Amino acid sequence: MEEWVSVSFAQDQDGRSFRQTRRWSAMPKEEEAKPPPTLIERIEQSDPTLKELAGFGGYGYHRIATALRKNATITSFKLSNCQLGGDRDEGCIYLMQALIARRSNLKRISLARNFIGFNGAAAVANFIRASQDDPSIYHSIRLDLLQNCFGDEGARVIADAIAGGTTQDKAQTIVDIGLEKNRIGNEGLLYISNMLHENNTLHTLRLGKNDISYEGVMKSLVPVLKQNTTLRVLDLSGNRHIGDLGAAALAGVLSFNQTLETMILTKCSISEEGAKRLLQALYNYTSPSAVLEQSNHTLRELIVCQNPILSTSFVGHTTFLRDAIHWNQQGIASSRIYKLNSFLMSVHGPRFVHSTNVPIELIPKLVHKIWRIDKSIDAVYSYIRGMPEILEI
């Protein structure tokens with residue numbers, strides 16, 4: 001509440017002067033309510049609460065791209081179904097140019113379902129190169145390009161750009177890329193495989209629902225995976241022409257590659273034959289040395305559902321497949337011991353183990369005990385042979 005005072009001089013009837021004081025107050029006028037800032041204003045003013053841009057809020061990509069050049073707070077762009085493709089991919093080009101100009105750290109860029117073609121893919125590649133060349137910033141980026149249409153040539157320009165990213169460079173690097181549903185065939189897979197040979201930062205590669213066949217897997221991807229030491233997740237789901245030949249080739253990789261942790265092969269037309277090859281790669285029970293040295297001990301998730309592999313003869317193997325994955329989840333050292341125990345107690349194990357009077361349930365305890373002392377299969381065998389005398393059985 002505001003108060004006012006007024007002082008004046010007046011005369012009475014006798015001509016004497018006196019001071020006259022008046023006081024009054026009034027409620028202050030209410031300030032006019034300001035409208036909330038628009039999306040454009042929040043972007044231009046770098047609103048600290050605006051960390052993620054999900055859609056254009058009814059504005060065109062020109063206005064959004066212009067505003068983004070002044071922004072330094074947004075770290076995540078989820079721009080699915082924003083019509084950035086078409087008309088020579090002008091929307092994608094404008095947006096990538098704005099991201100290059102703003103020079104700030106990013107965590108995620110999703111351009112899914114925009115039907116971006118080759119020109120848009122080239123713009124994305126330019127952004128990747130510009131990010132790598134800026135030593136003033138460093139961040140790992142997840143790039144999602146699901147369901148666009150840039151094909152093999154688009155895969156080529158993007159793969160060439162990613163190939164330059166290394167952990168030694170103080171720059172933004174792509175660590176996770178989604179290229180599902182982009183009409184990528186074996187030619188595009190060749191470019192991507194060459195990228196994996198040079199790049200040492202990418203840990204997740206998603207190539208689901210493309211046109212990749214077993215030939216591309218065998219000729220391009222498998223040789224690189226035998227040497228790659230950074231990729232953790234590989235998604236090839238929905239490539240229906242991979243089949244048993246592709247599954248067998250990937251199984252051969254698992255004996256060499258000890259860094260892959262997740263492999264997704266749903267809807268890849270894998271039958272019982274291909275599934276058995278994958279199982280043997282995880283748990284090679286042909287000999288003790290194969291169990292320990294030729295089995296894969298790092299793959300923690302193998303997804304092969306929605307494939308025609310559930311024949312009657314394979315049902316008995318599904319338990320081994322599940323156990324092998326479970327053992328790998330316990331770590332390499334534990335996985336080796338669990339698989340060795342399983343081998344010794346199975347019908348594939350040495351005959352003398354079954355011919356002794358040692359209770360089969362004691363074998364895991366014996367293996368754990370001797371393995372801590374002497375990590376040798378011969379020492380384990382010797383100990384088991386001597387157990388009947390020790391236990392007086």
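Observations
- Taking each residue of segment 153-175 that is under 19 Å from residue 221 (Cβ atoms) and looking for partners that are of a type outside the set (D, E, K, R) and modelled with pLDDT under 85 with beta-carbon atoms closer than 8 Å, six or more apart or interchain, yields 174/165.
- Hey, residue 120 at pLDDT 90 or above, in a loop (DSSP other than H, G, I, E, B) and either within 18 Å of residue 179 (Cβ to Cβ) or of a type in the set (Asp, Glu) (or both) or not: no
- Within segment 108-124, being polar (S, T, N, Q) and within 21 Å of the chain's Cα centre (by Cα) holds for 110, 114.
- Tally, over segment 178-194, of residues that are of a type in the set (A, V, I, L, M, F, W, C) and surrounded by fewer than 22 Cβ atoms within 10 Å (Cβ to Cβ): 1
The values are calculated or read from the model by the stated rules, or taken from the named source; none is laboratory data. It should be emphasised that the depicted structure is a prediction, and the values quoted were computed from it without experimental measurement. No Cβ is skipped: glycine too gets one built from the backbone with ideal geometry, and neighbour counts run over all protein chains shown.
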